[in-house]
Amino acid sequence: MVSAPYLHDVTACFAERIGEGGLTKDAYARLLHGCGPALEQLRRARADGALPFLTLPSRRDDLGPLATLAARYRGAFDDVVVLGTGGSSLGGQAIAALADRGFGPPVGSPRVHFLDNVDPDTFQALFAAVDPARTGVFAISKSGGTAETLCQLAVVIDRLRAALGEDALKRHVAVMTEPKDSPLSRIAERFSLPHIDHDPGLGGRFSVLSTGMLPALLLGLDTAALRTGAAAVLEQALEAKDAAGAAPAVGAAIQVGLANERMVSQSVLMPYCDRLFWFARWYRQLWAESLGKEGNGTTPVDALGTVDQHSQLQLYLDGPADKLFTLVDAGMAEAGRPVDPDILDHPETGYLQGRTMGELFTAESRATAETLIGYGRPVRQIRVERLDEGTLGALFMHFMLETAIAAHLMGVNAYDQPAVEDGKRLTRRYLQGEGVS
Ligand SMILES: O=P(O)(O)OC[C@H]1OC(O)[C@H](O)[C@@H](O)[C@@H]1O
């Protein structure tokens with residue numbers, strides 16, 4: 001059992017059963033040994049600043065311009081639209097879910113909408129719902145050249161300009177992109193839009209502690225706590241005396257070991273917490289794009305307890321034995337009011353009487369883990385005492401490190417995504433008229 005500050009019982013419970021299945025203790029020990037150089041590489045990268053996702057947790061200097069913009073937006077707008085896709089959107093969505101459960105933002109915050117697709121119907125619905133005079137926009141694109149984000153922004157600027165005039169744009173629209181010449185930086189320049197620099201060394205799927213900060217500030221979340229939680233996990237992992245003491249290394253060794261032995265081809269992340277729904281979506285991109293290279297990688301699956309017990313669990317238990325399960329328990333056992341036996345008085349539901357919703361949640365998470373183990377499926381559980389900015393930051397860092405270490409073990413570069421460029425090239429050709437009948 002490995003524990004890290006903030007993440008209690010990062011139970012590599014499968015580690016305790018290694019040797020029972022196809023992953024031998026020797027193979028696991030070799031992989032864990034291989035994590036040593038991976039951790040050393042991360043230590044060096046943190047020291048020389050080569051990987052900004054490792055230095056960001058201890059930085060605060062970059063937050064100033066974001067805080068200024070957020071304060072202005074909070075004062076001026078009822079709605080803020082965050083444009084961008086992939087790594088420029090999912091981290092922000094995962095953070096925003098902490099504060100907005102879908103019933104509206106906290107008092108004093110605007111409604112924050114993430115538009116990460118180019119579905120014209122969605123944009124039509126957005127324009128019908130918001131008042132342009134009370135709407136702010138924040139467009140995020142690391143490269144500044146992503147077709148979807150540029151198209152989104154062009155459409156939104158067109159609408160705002162028609163409603164408010166060109167001069168108003170600089171008060172309503174801001175961008176975050178690399179400080180270089182790009183289609184997005186040119187738009188910012190042309191309309192004098194505030195431009196916040198995106199660190200060129202910070203890959204989108206490792207950028208949550210940067211791209212997620214404006215949404216966090218808009219919703220009144222504690223950005224310092226997000227980073228402190230991440231820093232604590234980073235510190236624990238990089239200062240551990242060996243790889244066995246570093247939870248992300250243990251997780252990477254298990255995931256890669258099971259994949260090498262052809263025991264898993266999919267990695268299911270199943271939090272028991274609605275607020276972690278978008279976290280699982282964020283993880284899906286991180287794991288897929290970082291590792292899916294040269295025939296490597298396992299397919300990440302985002303699931304949600306208890307909902308997916310009622311739609312996926314049959315397959316998970318009795319379908320192909322090709323999945324590793326990571327269940328996240330967000331410490332809600334105490335939450336909720338007890339069920340009044342006067343209302344639920346049927347003899348068959350005696351087990352629910354006097355129990356809280358949180359108790360049902362927690363019992364189901366435990367029961368699912370044990371049932372999966374009973375069916376011989378590899379399972380690990382991560383327990384978070386309480387979900388807040390600190391623990392969410394810790395979870396982000398845990399999985400970013402686990403992914404980086406897994407990439408090292410697989411011998412792939414975690415920080416690029418060369419294959420997706422092919423489809424982008426083809427899209428451009430189609431739009432230019434080539435091959436379109
Ligand atoms: O932030 P951007 O440069 O606009 O990129 C947004 C997304 O675009 C892609 O196609 C990449 O596959 C993703 O890794 C990236 O996060």
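The values are calculated or read from the model by the stated rules, or taken from the named source; none is laboratory data. All values reported here derive from a predicted model rather than from experimental measurement. Using ideal geometry, Cβ is built from the backbone for each residue, glycine included, and neighbour counts are taken over all protein chains shown.
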Check LEU317, LEU327, LEU304 and return the single one that is of a type outside the set (Asp, Glu) and touching a residue at least 60 places away in the same chain (Cβ under 8 Å).
LEU317
Within the set of pairs 6 or more residues apart or between chains, which connect a residue that is closer than 13 Å to PHE399 by Cα and of a type in the set (A, V, I, L, M, F, W, C) inside the stretch 282-297 to a residue that is outside any loop (DSSP other than H, G, I, E, B) and within 12 Å of the ligand (Cβ to nearest atom) with Cβ atoms less than 6 Å apart?
TRP282/LEU90; TRP282/GLY91; LEU286/ARG205
Within the stretch 105-121, of all residues that are outside any loop (DSSP other than H, G, I, E, B) and within 23 Å of the chain's Cα centre (by Cα), the one farthest from the ligand (Cβ to nearest atom) is ARG111
Out of curiosity, is VAL112 in the same structural domain as GLY86 (by TED's automatic domain parsing), in contact (Cβ under 8 Å) with a residue 12 or more places away in the chain and closer than 19 Å to LEU214 by Cα?
yes
Can you spot a residue in the stretch 267-281 that is assigned by TED's automatic domain parsing to the domain that holds LEU39, under 18 Å from the mean Cα position of the chain (by Cα) and free of Cβ contacts under 8 Å to residues at least 40 places away in the same chain?
yes
Restricting to the stretch 73-88, give me the number of residues that are touching a residue at least 60 places away in the same chain (Cβ under 8 Å) and either outside any loop (DSSP other than H, G, I, E, B) or buried (at least 24 other Cβ atoms within 10 Å of the Cβ) (or both).
11
Might you let me know whether the stretch 137-147 holds any residue that is more than 14 Å from the ligand (Cβ to nearest atom) and under 27 Å from LEU276 (Cα atoms)?
yes
Filtered residues of the stretch 148-160 (kept if away from the ligand (no atom under 11 Å from the Cβ) and closer than 17 Å to ALA129 by Cα)
VAL155, VAL156, ILE157, ASP158, ARG159, LEU160
Within the stretch 207-241, of all residues that are assigned to a loop (DSSP other than H, G, I, E, B) and in contact (Cβ under 8 Å) with a residue 24 or more places away in the chain, the one surrounded by the most Cβ atoms within 10 Å (Cβ to Cβ) is GLY212
For ALA133, which of the numbered conditions (1) farther than 20 Å from LEU193 by Cα; (2) away from the ligand (no atom under 13 Å from the Cβ); (3) not in a loop (DSSP other than H, G, I, E, B) fails to hold?
(1)
Look at ARG60 and say whether it is touching a helix residue (DSSP H, G or I) at 6+ places or on another chain (Cβ under 9 Å), modelled with pLDDT of 95 or more and either surrounded by 13 or more Cβ atoms within 10 Å (Cβ to Cβ) or polar (S, T, N, Q) (or both).
no
For the stretch 89-104, how many residues meet the condition of being farther than 21 Å from ARG284 by Cα and either within 16 Å of the ligand (Cβ to nearest atom) or not in a loop (DSSP other than H, G, I, E, B) (or both)?
1
Tell me, yes or no, whether the stretch 357-376 has at least one residue that is outside any helix (DSSP H, G or I) and closer than 30 Å to LEU258 by Cβ.
yes
Can you tell me how many residues in the stretch 405-437 are within 15 Å of the ligand (Cβ to nearest atom), of a type in the set (Gly, Ala, Ser) and in a helix (DSSP H, G or I)?
2
Hits in the stretch 284-316 - residues which are within 14 Å of the ligand (Cβ to nearest atom) and aromatic (Phe, Trp, Tyr):
TRP287
Please count how many residues of the stretch 186-206 are over 26 Å from the mean Cα position of the chain (by Cα) and outside any loop (DSSP other than H, G, I, E, B).
5
Could you check the stretch 61-87 and list, in sequence order, the residues that are under 20 Å from the mean Cα position of the chain (by Cα) and closer than 15 Å to HIS113 by Cβ?
VAL81, VAL82, LEU83, GLY84, THR85
Restricting attention to the stretch 149-181, the residues that are buried (at least 19 other Cβ atoms within 10 Å of the Cβ) and not in a helix (DSSP H, G or I) number exactly 6
Kindly evaluate LEU169 against the criterion of being more than 16 Å from the ligand (Cβ to nearest atom) and under 31 Å from the mean Cα position of the chain (by Cα).
yes
